[in-house]
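S.K.: For reference, the structure I am asking about is given below.
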Amino acid sequence: MRKSRLSWATQSVLIGLFIEGTSIRRAAEAAQVNKNTANTFFNRLRQLIYLKSPDVGFIEAEINLDGEFLQAALARGKTEKDIRPFGLVFNAR
């Protein structure tokens, strides 16, 4: 991977926010960087985690959606097709 142009302090802030599970937009605001920069940094972290994991096979996950979440989404006019599961952040490339 290419060397990051972000300062160590900015990288540390973004890594901490990534670990906490902060959204990209909020992380960008906290680190005072562009949201696209934070997105690229988060994606690089995900790739590093994937590449350094001991089992480089497929990442399997089970998604449990709360019934109340589904009812609330459907009440707002969303269709079941519009509801996207949250939590799957790894992109195996």
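The values are calculated or read from the model by the stated rules, or taken from the named source; none is laboratory data. Everything numeric here is computed off the predicted structure, so don't read it as measured data. What goes into the accessible areas is simple: the full protein's heavy atoms, side chains included, and nothing from ligands, DNA or RNA. Shrake-Rupley method; radii C 1.70, N 1.55, O 1.52, S 1.80 Å.
S.K.: Contour minus end-to-end for residue 76 and residue 29, with contour as 0.36 nm per residue of separation and end-to-end as the Cα-Cα distance? Spell out each step's value before the answer.
M.R.: On the way: separation 47, 0.36 × 47 = 16.92 nm, distance 2.86 nm.
Residue separation times 0.36 nm, minus the Cα-Cα distance, leaves 14.1 nm.
S.K.: Continuing with the same structure: Any idea of residue 46's accessible area? Nearest 10 Å², probe 1.4 Å.
M.R.: Estimated to the nearest 10 Å², residue 46 gives 40 Å².
S.K.: What are the ³J(HN,Hα) values, in whole Hz, obtained from phi via the Karplus relation 6.51 cos²θ - 1.76 cosθ + 1.60 with θ = phi - 60°, for each residue of region 31-43 in sequence order, with x given for Gly and Pro?
M.R.: 8, 6, 10, 5, 4, 5, 5, 4, 4, 4, 5, 4, 5
S.K.: Work out how much length residue 36 to residue 15 would gain on full extension: take 0.36 nm times their residue separation and subtract the Cα-Cα distance, in nm to one decimal. Mind dumping the intermediate values first?
M.R.: Working: separation 21, 0.36 × 21 = 7.56 nm, distance 1.54 nm.
In short, 6.0 nm is gained.
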